[in-house]
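S.K.: What follows is a single structure, and I will ask about it in a moment.
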Amino acid sequence: MKPLSDEDLIARLRAEEVPEPSPLFWEHLSQRVHDAVAAEPIPSRRWFIGLNAVWAGGAVAAIAVVLIGVSLSVRRQPVDTTSAGSAAMTQTVATDAGAGVSLPALDDDVSFAVMEELASEIDFEEAGAAGLMVSPGAAEDAVTGMSGEDQRALVELLQEEIKNSKSL
Amino acid sequence: MATNFSRVLSNTVRPDWTLKVVQPKAEAAASDPALAELDEGQLVAACLAGRREAFDLIVERHRRSVYLLCYRFVGNHEDASDLSQDVFVRAYKGLQRFRGQSSLGTWIYRIGVNVCLNRVSAKRPATEPIDARPHLDQHAVDPAAELLKGERASQVREAISQLPRKQRATVILRVYHELSHEEIAGILGSSVGAVKANFFHALANLKRLLK
C-alpha cells in the first residue's frame with residue numbers, strides 16, 4: 001500500500017469539516033458571554049503593568065543599594081560609637097596622667113584606622129560566638145586564672161607603662 | 001362595506017398586553033455605530049475604561065474562529081460551546097494583560113489553545129459522543145458515500161486526539177486555521193523551529209495512525 005504523502009494527508013485532514021451550528025447559535029453564544037462577563041468586575045490596568053523590564057530592574061537595583069547601605073550603616077554604628085568612646089576615654093586618661101600633655105589624635109593613626117575598618121566588619125553576634133566579646137568580670141577572671149609568675153610579669157609591665165606615661 | 005369594516009375594527013377588543021420586540025443586549029451593543037468603528041486596541045481600551053459593551057463587539061468579531069478552534073479540540077458542539085464561553089470570559093478577565101504586541105485575535109487564540117489543552121488533558125472522553133458518530137442519512141444523494149465520509153472524519157478526529165498536546169495544537173492551527181509557523185509560535189510560546197518540528201512529527205504520527 002502506497003504511503004500517504006504530506007499533501008494527501010493534509011487534504012484528508014481538511015476534508016473533515018466542522019458542522020455549521022444553527023444561525024441562532026452565534027447570538028446565543030454572544031448573549032451567554034455577555035451575561036457571564038456582566039458578573040465579573042471590570043478589568044483595569046494596574047500601575048506596574050506599564051513598567052518594562054529595564055525600569056523594573058533599575059527600581060529593584062536602586063532598592064537593593066539603599067537596603068545594603070542602610071544595613072551597613074546599622075552594623076557600623078555600634079563599633080564606631082565604641083571606638084569613639086574608647087578614644088575619648090584614652091584622651092581623658094592621658095590628660096589626667098600627663099597634666100596637660102596632649103597625645104596625637106587617634107584619627108590620624110593609620111594602624112588604628114586599619115583596626116577600625118577590620119572591627120567594623122565583625123558582627124557583634126559573630127564576635128560573641130567566637131569569644132571575642134569582653135564581658136563584665138572577664139579581666140578579673142583572666143588575672144586570677146594566671147599563674148604566680150605570669151601575675152608578677154603583668155605587674156611589672158603595668159608599672160613600666162605607668163612610669164612611661166608619667167615621664168611624658 | 002367600508003363602514004362595516006370600520007365598525008368591526010372599532011368593536012375589536014384591544015388586548016391588555018403589548019408586544020415589544022427587544023434586541024438582545026449583546027446584539028444591541030455590537031450594532032452600536034460608535035463602537036463598530038473602533039479598532040481592536042480602542043475596543044480593549046474602552047473595555048478597560050468600563051464599557052462592557054465594547055467586549056460584546058470583540059466577541060462578535062472572534063466568536064466563530066474561537067468556536068471552530070474549540071470544536072477541533074473536543075469534536076462536539078456542546079463542549080465547544082462551553083469552551084468558547086470560557087475562552088471569552090478568561091480573555092475579559094485578563095484584558096489588562098493585553099499589550100498589543102500581537103493582534104487581539106492571536107492573543108485570544110493563545111487563551112483558546114490553553115483552555116482547550118487543559119480541558120482535553122483533564123477530561124478525555126472514554127467514548128465518542130453520539131452525535132459525532134457517522135450515521136446513515138436516508139435522504140442523502142449517496143448514503144453509502146456519506147457513511148464513508150463520516151467514518152473517515154471520525155478516524156481523523158480520533159487520530160488527532162491521540163497526538164501529544166503541542167503536536168495536536170500545531171496541526172489544528174496549521175491545517176484548519178491556516179496560521180503561519182510564526183503565528184503558531186507566538187500562540188504556543190515556542191520557537192518557529194519547534195513549531196516546524198512539531199508539525200513534522202505530527203504528520204508522521206498521523207500517517208502511522210491513519211494508514
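The values are calculated or read from the model by the stated rules, or taken from the named source; none is laboratory data. Nothing here was measured: the structure is a model prediction, and the numbers come from that model. Every residue, glycine as well, gets a Cβ built from its backbone with ideal geometry; the counts of neighbours run over all protein chains shown. Keep in mind that these areas ignore ligands, DNA and RNA; they rest on the heavy atoms of the full protein, side chains included. Shrake-Rupley method; radii C 1.70, N 1.55, O 1.52, S 1.80 Å.
S.K.: Top to bottom by accessible area (1.4 Å), largest first, where do B:His201, B:His77 land?
M.R.: Largest to smallest exposure gives the sequence B:His201, B:His77.
S.K.: Could you report the buried accessible area between B and A, both sides summed, computed with a 1.4 Å probe and given in Å² to the nearest 100?
M.R.: Approximately 4100 Å², summed over both chains.
S.K.: Averaged over peptide B:154-165, how many Cβ atoms belonging to another chain are found within 10 Å of each residue's Cβ?
M.R.: For this peptide, the per-residue mean of nearby foreign Cβ atoms is 1.
S.K.: In whole Hz, what ³J(HN,Hα) sequence does the range B:66-77 give by Karplus (6.51, -1.76, 1.60; θ = phi - 60°), x for Gly and Pro?
M.R.: My calculation for the range B:66-77 gives 5, 5, 4, 4, 5, 5, 4, 7, 9, x, 8, 5 Hz in order.
S.K.: For the range B:40-49, just list the computed ³J(HN,Hα) in residue order, Karplus coefficients 6.51, -1.76 and 1.60, θ = phi - 60°, integers in Hz, with x standing in for Gly and Pro.
M.R.: 4, x, 5, 5, 4, 4, 5, 4, 5, 7
S.K.: B:Leu147 to B:Leu117: FRET efficiency via 1/(1 + (r/R0)^6), r the Cβ-Cβ distance, R0 25 Å, to the nearest 0.05?
M.R.: So, using R0 = 25 Å, E works out to roughly 0.20.
S.K.: Here's a follow-up. If packing is taken as the average number of other Cβ atoms within 10 Å across a peptide's residues, how do A:153-159, B:187-193, B:82-88, B:169-175 rank, most packed first?
M.R.: Per-residue Cβ counts within 10 Å, averaged per peptide and sorted highest first, yield B:169-175, B:82-88, B:187-193, A:153-159.
S.K.: Let me ask something else about it. Cα-Cα over 19 Å: which of A:Lys2/B:Lys211; B:Lys93/B:Lys166; B:Lys166/B:Lys211?
M.R.: B:Lys93/B:Lys166; B:Lys166/B:Lys211
S.K.: Name the trypsin sites (Lys or Arg not before Pro) in the range B:42-100 that are in a loop by DSSP and that have at most 15 other C-beta atoms within 10 Å, would you?
M.R.: The qualifying sites are B:Arg99.
S.K.: Normalised by the number of residues in the range B:29-75, what is the relative contact order in percent for Cα pairs under 8 Å and 6+ residues apart?
M.R.: Relative CO of the range B:29-75 lands at 35 percent.
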